[in-house]
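The values are calculated or read from the model by the stated rules, or taken from the named source; none is laboratory data. Nothing here was measured: the structure is a model prediction, and the numbers come from that model. Cβ sites come from the backbone with ideal geometry, for glycine too, and all protein chains shown count toward neighbours.
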Amino acid sequence: MAEYSGSALYFGWIYSGGTVVLSGDQRSVGFTPSVEFAESTAGSDARRQRIVTVKDAAVSYAGVAQSAGTALEDALIEGTQGTIILGPEGTAVGHRKYTIGAFSQGAKFNYPYSGVVEITCDFIGNGNLTRGSY
């Protein structure tokens, strides 16, 4: 199996103001699916039993902030609802495509004295998560 580099990643944020492409300036993107369980152990069960209840997902973005880049910050205002399109290997036919309903947790900035300004944003799942392909 061949490995691949995160530089091929596609990350789009679709919200009421349009679509913003966050890939290209990314330093890292994290995708964390999760699930909650309810315990169903009863009676003479010798081992703990569980059933799946609710699934969720979180996405984190870190990238280089661009000069006079207000459009990206405005698209990521905390509480903004939208859809993430995430292609870890890019958008070539047959590659994985995640479509994730989400809320933005708001853009955060790091302003080092003598370095590149970084923008980060966390997203929390809202509704559907589809695993498909391009």
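Please verify whether Arg131 is among the basic types (Lys, Arg), in contact with a Pro (Cβ under 7 Å, 6 or more places away or on another chain) and touching a residue at least 12 places away in the same chain (Cβ under 8 Å), treating the condition exactly as stated.
no
Sort out which residues of segment 1-27 are crowded, with 19+ Cβ neighbours inside 10 Å and within 22 Å of Ser67 (Cα to Cα), and write them in order of number.
Of everything in segment 1-27, those that are crowded, with 19+ Cβ neighbours inside 10 Å and within 22 Å of Ser67 (Cα to Cα) turn out to be Tyr10, Phe11, Trp13, Leu22, Ser23.
Could you list, in sequence order, the residues of segment 34-44 that are surrounded by 10 or more Cβ atoms within 10 Å (Cβ to Cβ) and more than 31 Å from the chain's Cα centre (by Cα)?
Within segment 34-44, Ser40, Thr41 meet the criteria.
Looking only at segment 104-134, which residues are surrounded by fewer than 16 Cβ atoms within 10 Å (Cβ to Cβ), among the hydrophobic types (A, V, I, L, M, F, W, C) and in a strand (DSSP E or B)?
Phe109, Ile124
Output the number of the condition that Val93 fails; it satisfies all remaining conditions of (1) modelled with pLDDT of 95 or more; (2) closer than 24 Å to Ser28 by Cβ.
Evaluating Val93 over (1) modelled with pLDDT of 95 or more; (2) closer than 24 Å to Ser28 by Cβ leaves (2) as the failure.
Would you mind telling me which numbered condition in (1) within 20 Å of Asn126 (Cβ to Cβ); (2) among the β-branched types (Val, Ile, Thr); (3) at pLDDT below 95 Thr70 fails?
So Thr70 meets the others, but not (1).
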